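Notes to accompany the following structure.
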Amino acid sequence: MTSKLSEIGGRIASAKQLEAVIGAMRGIAAAREREAQARLAGIRSAAATVGEAIGMALAAAPSADPATSAPPEPVARILIVLCTEQGFVGGFNEHLLARVERLKADEPGEIFIVGTRGAMLAQERAMRYGWSMGMAAHAEDVMRVAGQLADAVFARFRDHTSSQVWLVHATPGPGLDERIVTRRLVPFDFTRFSVPSNSQAPLLNLPLDKLLTGLTERYVYVELCDGLMQSFAAENAARVAAMLAASRHVKDRLQSLTRDYRIVRQDEITAEIAELAATGACAPPAASVEGQS
């Protein structure tokens, strides 16, 4: 084989290895997306349970209880954006940071970034943020990340009379811009919970204000879990899409390399045949042995 044929053969082997790696990454991402989607039902069941407890506590509260009144004007604003910990997700992080920049342009606020890739991109864009942490690498790690995030958020606005906390994250599905969710976590909206009117008042072992504070903090934590799990599922869905696009590109490249290999090989065979034919034409004729005794 010529050096050119060997070079093309080596590139074909490398492309096949890359195709195998891409297939494995696509399979892992798809499995993680399915796992995250499956865990969302349990998180939402927990949110419903805490929400029911909040409704029961509100039923025992006086009508003028501060928990049910309108919150005061906020003096601090935190924008939490859930990005990715790993790459190969296309423009996933770019779209999220662009949404946060638009929100901050409308009203100033401090940015919290979850996800190393998002923090790196924010630095590249000279985007200032006050706090960051790594995103969950596995679905079972979401609860730990939510706990650390909740601690950081509550510690930041604990000394203020009131605060706003907004969560920005992606949800699984086609069309990333349409799947970015922006929801307010704080001030807490008690009006969304149904208050039972005919049930017996619950027996309380804690002061009502302390009970409601604990329940609202728990509900915010569960909302963070829900947002993180949806974001984790969306991240892996984006990775599946990116790997599918990469796989198509590698397949096209393999077809091109295979075609080049066949052309070069055919040229070599043609050259060898032509060389043999030319050698045979130039060779002297063999001596005749007929008539010899």
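So what are the radius of gyration and Dmax for the Cα set of segment 219-271, in Å?
22.8, 77
Within straight cross-link reach of Lys16, meaning Cα distance under 15 Å, which aspartates and glutamates are found once same-chain residues fewer than 8 apart are removed?
Glu7, Asp252
Only helical DSSP H runs with n ≥ 4 go in: add -39500 (n - 2.57) per run for the chain, normalise by residue count and round the 222 nm mean residue ellipticity to 500 deg cm²/dmol.
Numbers: 5 runs with 172 residues, N = 293.
Value at 222 nm, helices only, nearest 500: -21500 deg cm²/dmol.
Placing one identical point scatterer on every Cα of the chain and ignoring solvent, what is log10 I(q)/I(0) from the Debye formula at q = 0.09, 0.12, 0.17 Å⁻¹?
-0.60, -0.87, -1.32
Separation of segment 254-279 and segment 1-53 by C-alpha centroid, Å?
Their Cα centres are 39 Å away from one another.
Ranked highest first by the average count of other Cβ atoms within 10 Å around their residues, in what order do 183-194, 103-114 fall? Spell out each step's value before the answer.
Values: 183-194: 15.4, 103-114: 17.5.
With the highest mean Cβ count within 10 Å placed first, the list reads 103-114, 183-194.
How would you order 88-99, 243-254 from highest to lowest mean count of nearby Cβ atoms within 10 Å?
Details: 88-99: 18.9, 243-254: 14.7.
Top to bottom by mean Cβ count within 10 Å: 88-99, 243-254.
Can you list the lysines whose alpha carbon sits under 30 Å from that of Lys210, skipping same-chain ones fewer than 8 residues off?
none
Report, please, the projected area of segment 105-236 averaged over directions, based on the convex hull of its C-alpha atoms, in nm².
Values: hull surface 43.9 nm².
Average of the hull's projected areas for segment 105-236 equals 11.0 nm².
What ranking, highest mean first, results for peptides 138-148, 266-276 when packing means the other Cβ atoms within 10 Å averaged over each residue?
Numbers: 138-148: 16.5, 266-276: 10.7.
Per-residue mean Cβ counts within 10 Å order the peptides as 138-148, 266-276.
Using the Karplus curve 6.51 cos²θ - 1.76 cosθ + 1.60 with θ = phi - 60°, work out ³J(HN,Hα) for each residue of segment 38-46 in order, rounded to whole Hz, and write x for Gly and Pro.
With coefficients 6.51, -1.76 and 1.60, one gets 5, 7, 5, 4, x, 5, 6, 5, 5 Hz.
The numbers here are math on the coordinates, done by the rules we state, and not lab data. Everything quoted here is computed from the prediction, not taken from an experiment. So basically every Cβ, Gly included, is an ideal-geometry build from the backbone, and we count neighbours across all protein chains shown.
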